[in-house]
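The structure under discussion appears below in the form of structure tokens.
No lab work stands behind these numbers, since they all come straight from the coordinates. Because the structure is a prediction, the values reported are computed rather than measured. Glycine gets a Cβ as well: all are built from the backbone with ideal geometry, and neighbour counts include every protein chain shown.
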Amino acid sequence: MARMRGLKPEWISDPKVWRTEILAGLVVGLALIPEAISFSIIAGVDPAIGLFASFTMAVTISVVGGRRAMISAATGAVALVIAPLNREYGFGYLVAAVILAGVFQIALGALGVAKLMRFVPRSVMVGFVNALAILVFMAQVPEMHDVPWAVYPLIAGGLLLLVFFPRVSRVVPAPPSWSPLPTSPSASSSGRSPRW
């Protein structure tokens, strides 16, 4: 028992750290579900597969450890790149490509290639992220056709919240604060879960 007490981290008794960790968990949880569903739709796979993959990644990273600012969930860049692969060759090739990408990431990490990132200018990174945001948004536009009229005010409200919520508070990012809001009225008015 004394040996187990030695494994207890020092921060576990600090309430400030607990508050930060719980808030971080809520933000990740609220962002992960809609992100996984939307990226699954972009990639052309069943959203259940995206949810399962995102949950598996989150649990794995929480067990093996992570780093600050490390992406440990589905990314729009991957969804956009693998969408044509899945469409042309099928799900089997998609899984093989994702596993091969993981092997490359491990090899590049072991070789210390991350040090070269400091030579990439900030303007290039900002341009890449902005272009990715535009491509992800454009990939979602076809999903806005033939939907009930109530979807359009929810989309407009979400975009307004993304723009103006950071001016109100920077504690909770805007996307996770918006995610539960349209879910409640949508689920209660339809009385059934969405179909994909």
- Item | Dipole in debye (nearest 20) - the range 15-121, about Cα centre, beta carbon charges: Lys, Arg +1; Asp, Glu -1 | 520
- Would you order Val141, Val136, Val113 from fewest to most other beta-carbon atoms within 10 Å of each residue's own beta-carbon? Val141, Val113, Val136
- Ranking of Val28, Val63, Val168 by count of other Cβ atoms within 10 Å, fewest first: Val63, Val168, Val28
- Message: How far apart, in nanometres, would the label points at Val95 and Asp14 be if each is projected 7 angstrom from Cα along the Cα-to-Cβ direction?
- Response: 4.3
- Per the C-alpha gyration tensor (a ≥ b ≥ c, the square roots of its eigenvalues), the range 15-121 is rounded if a/c is under 1.5, else prolate if a/b beats b/c, else oblate; here it's oblate
- Message: Quick check: residue separation of Val27 and Met144 times 0.36 nm, minus the Cα distance between them. What number comes out in nm?
- Response: 39.5 nm
- Here the net charge surrounding Ala43, from other residues whose Cβ is less than 14 Å away from its Cβ (Lys, Arg +1; Asp, Glu -1), is -3
